[in-house]
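No value in this document is a laboratory result; all are computed from the given coordinates. Everything quoted here is computed from the prediction, not taken from an experiment. Note: ideal-geometry Cβ built from the backbone for every residue, glycine included; neighbour counts use all protein chains shown.
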Ligand SMILES: [Zn+2]
C-alpha cells in the first residue's frame, strides 16, 4: 500500500461519523476518487481547511486493496477557492462545472484535459464574471474532452459533409446535424439560420452581450443533448439558469 501523491480539485465533501469527512476529488493522474479523511471534521488543524469544494490541492492518499475508497493522508493548498464567495453567480457556475465533472466521469478514469479545463475555469471565475456564452464555451470543451461532442460538421444520418451548406436541423437522438434530405425522415429540431455555425465557432470573448437569443438557444440545445445522451440531471443547473437568466 503505497502513498500516492497527486494534484486534485475538491468536488464535494460531506461529514462522516463523529469526526471524519468523505471527500470526492478529481485528480490529474487518476481521475475522480472518493476518499475518507480521518479527523477532518473534528480537528480542522489536521487538514487546515484544505478539503473544501473548489480548492486545488496537492493531495496524498493511500489506496486500499479491499475498497474503492482511498484514505486521504494530507492535502496542501495549491489554489484556494477564495474569491468565488463574492457572489452567488460565481458559486453557481463553479458548482455547475464541478458537478458536470463529477456526474460525467467514472471513478479512476484519468482525463488530464478535463482536469486542466476545470482548473482553469475555477481560477478564472475568481476574477471575472462568466457570461452564458462563456459557460457554453467551456461546456462544449468539456464534452469534447469526454468524447461526447455533438457532431455539427456533417449529416449524422447519411454522412454528407455540411461545410458549405445551411445547418438548420439538429437531432438530439443522433447527436448532431442533419442535411435537408435526411431531416424529412429523422426527428429533429430546426434552429434559426446561423445558429449552429456559431455554436461551432464559440469563443467566450467574441460574442456581444446582446446575443441573448443565441445564449438561450445554446443553453437549450446542450441541455437537451446532455440529458438525452448522458441521462444525468445536474442539480446545480436549475439554480445556474436562475442566476444567469
Ligand atoms: Zn443526410
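Note on the range 44-87: Kirkwood hydrodynamic radius from all Cα pairs is 11.8 Å, rounded to one decimal.
Relative contact order of the chain, taken over Cα pairs closer than 8 Å and 6 or more residues apart, is 16 percent. Quick one: compute the contact order of the range 3-79, relative version, from alpha carbon pairs under 8 angstrom and 6+ residues apart, as a percent. In percent, rounded to a whole number, it is 32. Spacing of the modelled spin labels on residue 7 and residue 233, each 7 Å from Cα toward Cβ, amounts to 3.6 nm.
Efficiency by 1/(1 + (r/R0)^6): what FRET value for residue 66 and residue 216, r their Cβ-Cβ distance, R0 = 41 Å, to the nearest 0.05?
Numbers: r = 50 Å, r/R0 = 1.21.
For R0 = 41 Å, the calculated efficiency reads 0.25.
Each 10 Å bin, from zero up to the one with the longest distance, holds this percent of the alpha carbon pairs of the range 1-133: 13, 45, 34, 8, 1. The C-alpha atoms of the chain define a longest principal axis, and helix 235-244 lies at about 60 degrees to it. Remark on the range 90-192: Rg and Dmax equal 16.6, 48 Å (Cα only).
What FRET efficiency do you get for residue 223 and residue 29 if R0 is 25 Å and r is their Cβ-Cβ distance, rounded to the nearest 0.05? It would help to have the intermediate numbers written out before the result.
Working: r = 32 Å, r/R0 = 1.26.
Once rounded, the FRET efficiency stands at 0.20.
From its DSSP helices (H runs of at least four residues, each -39,500 (n - 2.57)), the chain gives a residue-normalised ellipticity at 222 nm of -10500 deg cm²/dmol.
Output the 0 to 90 degree angle, nearest 10, between the alpha-carbon long axis of helix 112-125 and the longest principal axis computed from the alpha carbons of the chain. Between the helix axis and the principal axis of the chain, the angle is about 90 degrees. Given springs between every Cα pair under 10 Å in a Gaussian network model of the chain, which of 34, 117, 201 has the largest fluctuation? It is 201. Compactness check for the chain: Cα Rg over 2.2 N^0.38 Å is 1.14. Calculated from the alpha-carbon coordinates, the range 3-79 shows an Rg and a Dmax of 11.0, 32 Å respectively.
Highest mobility in the GNM of the chain, judged by mean-square fluctuation with C-alpha springs under 10 Å and restricted to 154, 67, 12, is found for 67. With respect to the chain, whose longest principal axis is taken over its alpha-carbon atoms, helix 132-145 is tilted by about 80°.
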